[in-house]
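The structure under discussion appears below in the form of structure tokens.
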Amino acid sequence: MRESLCLFLCMLHFTDGCYVSDHGRVKEVTGYTGGSVLLPCSCADLQSTVKSFIWYCYRENLWTKVFEDDKHKGRLKLFNERSPANLSLLISDLKKTDEGHYRCETPLGSFIDIHLKVKGCDLDQNKQMIKVTGHSGESVVLPCTCTELQAKPEQLTWTFTPLNPRTNPEEIYPHEQSVRHTGRVKLLNETSPGNLSLQISNLNKEDQGDYRCSVSSQHINIRLSVQEIHKTTEPTQQTEKPTSQQSEDSSKNISVWVFFFTVIILLALLPVVLLLAVLPLIYWKCRGRRDVQKTTGDGQQLVCNQNEKQEEVTYSSVVHVKSASKPAHIQTNMAEHSVYASIK
Ligand SMILES: *[C@@H]1O[C@H](CO)[C@@H](O)[C@H](O)[C@H]1NC(C)=O
Ligand SMILES: *[C@@H]1O[C@H](CO)[C@@H](O)[C@H](O)[C@H]1NC(C)=O
Ligand SMILES: *[C@@H]1O[C@H](CO)[C@@H](O)[C@H](O)[C@H]1NC(C)=O
């Protein structure tokens, strides 16, 4: 048996055919509405090539060619041009009606059946009226999601029925029947197609009422109430007016005291700042003098210390002393000399 199968396959290989892997089997594949799905089919021998394989779908008790079916038009894709042994079929923008049996068949009569299951958007209808509270000027999210978050509803509408006066429901998504919500509603389906929650921004009192999220014949009802933020805070402000005046007065007093203390502190700091400014000057002057002292010798140090407070005078006197020092020194030397001489 095996040998004959091998022989058969080898013959196929040379006769330019394709024996489908998993021949005769039925595979289950699941997709989601609005998404895409791959129906797998490939030749058992990856080297084989096939030119005229056919994808069928089972419709109204008949196998019809998928590529000749109007309902699949523009939503089908094959990959065999790039990889000849890959006969898989990609169906995109899935619809609930795509659900059913498909068959991939090659000219050798080899085939595989695929049972495609398409999960659509179902709303959780067990929920009672959902109550949502928003605040005027802010935004609110009205929750509505498909039980399968991956499923995109084929048709979605959001309607609004004002609370008072109670009028007929008006559509606010995808078409706005009145200007009431213009530019303020946004569908939050960016991350998951099955998230049909509606965001209403810049709320006002007139947004209060009943909202309905509808997908085919299923609904979710939400009652929105809007609370005024300012109304609750205004009365408290009014009653607190006298106290707020008091606090204003006391804050004035505080600022006066702060000013007073600042002035005192500044006055106290002034001498310190002045001293800091003068110190480098004194240092510089003294350094200049020391230079002079070096030239004049040890004898003049006293003069510098004595006249520390009269800078200009000291400097001139030092200069004076410097010029006068030499003769004086010589005189003392001579005096000493004379003393020694007298001993001899
Ligand atoms: C066939 O091609 C599709 C698309 O590139 C790929 O996803 C799939 O895995 C391929 N199948 C096989 C059996 O190679
Ligand atoms: C969100 O919903 C709108 C209207 O139904 C649709 O046009 C859009 O493609 C959806 N976005 C996603 C990511 O599903
Ligand atoms: C739907 O989307 C909104 C905004 O991204 C998010 O806050 C909310 O949790 C989502 N709902 C679900 C059920 O994922």
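The lone criterion from (1) of a type in the set (A, V, I, L, M); (2) touching a residue at least 24 places away in the same chain (Cβ under 8 Å); (3) open to solvent by 30 Å² or more (accessible area, probe 1.4 Å) left unmet by residue 37 is number (3).
Scanning segment 46-80 for residues that are away from ligand 2 (no atom under 16 Å from the Cβ), among the charged types (D, E, K, R) and either at pLDDT 90 or above or within 42 Å of the chain's Cα centre (by Cα) (or both) turns up 65, 68, 69, 70, 71, 73, 77. Checked against (1) of a type outside the set (A, V, I, L, M); (2) without any contact (Cβ under 8 Å) to a residue 12 or more places away in the chain; (3) in contact with a His (Cβ under 8 Å, 6 or more places away or on another chain), residue 109 passes all but a single condition, namely (3). Among the criteria (1) under 30 Å from residue 153 (Cβ atoms); (2) more than 16 Å from ligand 1 (Cβ to nearest atom); (3) surrounded by 14 or more Cβ atoms within 10 Å (Cβ to Cβ), the one residue 78 does not fulfil is (2). Report every pair of residues separated by at least 6 positions or lying on different chains whose Cβ atoms are under 7 Å apart, first residue within segment 116-137 and closer than 28 Å to residue 27 by Cα, second open to solvent by 80 Å² or more (accessible area, probe 1.4 Å) and among the polar types (S, T, N, Q). Close Cβ pairs satisfying both conditions: 122/147. Of the residues that make up segment 223-231, is at least one of a type outside the set (D, E, K, R), within 25 Å of residue 30 (Cβ to Cβ) and not in a strand (DSSP E or B)? Checking segment 223-231: not a single residue is of a type outside the set (D, E, K, R), within 25 Å of residue 30 (Cβ to Cβ) and not in a strand (DSSP E or B).
Just so you know, in segment 1-34 the residues that are in a loop (DSSP other than H, G, I, E, B) and open to solvent by less than 70 Å² (accessible area, probe 1.4 Å) include one that is modelled with the lowest pLDDT, and it is 17. If you check 159, 182, 167 for being in contact (Cβ under 8 Å) with a residue 40 or more places away in the chain and not aliphatic (A, V, I, L, M), only one passes: 159.
Might you check whether a residue that is more than 16 Å from residue 140 (Cα to Cα) and more than 16 Å from ligand 3 (Cβ to nearest atom) occurs anywhere in segment 179-190? Among the residues of segment 179-190, at least one is more than 16 Å from residue 140 (Cα to Cα) and more than 16 Å from ligand 3 (Cβ to nearest atom), which makes the answer yes.
Only a single criterion out of (1) open to solvent by less than 90 Å² (accessible area, probe 1.4 Å); (2) at pLDDT below 90 is not satisfied by residue 241, namely (1). Of the residues that make up segment 68-75, is at least one more than 30 Å from residue 152 (Cα to Cα) and within 16 Å of ligand 1 (Cβ to nearest atom)? No, segment 68-75 has no match at all.
When segment 98-146 is filtered for residues that are in a strand (DSSP E or B), farther than 30 Å from residue 86 by Cβ, hydrophobic (A, V, I, L, M, F, W, C) and open to solvent by 40 Å² or more (accessible area, probe 1.4 Å), only 141 remains.
The values are calculated or read from the model by the stated rules, or taken from the named source; none is laboratory data. Computed from a prediction, not measured in an experiment: that's the story for all the values here. All Cβ positions, even for glycine, are placed from backbone atoms using ideal geometry, and neighbour counts span all protein chains on display. Ligands, DNA and RNA are excluded from the accessible area calculation, which covers all protein heavy atoms including side chains. Shrake-Rupley method; radii C 1.70, N 1.55, O 1.52, S 1.80 Å.
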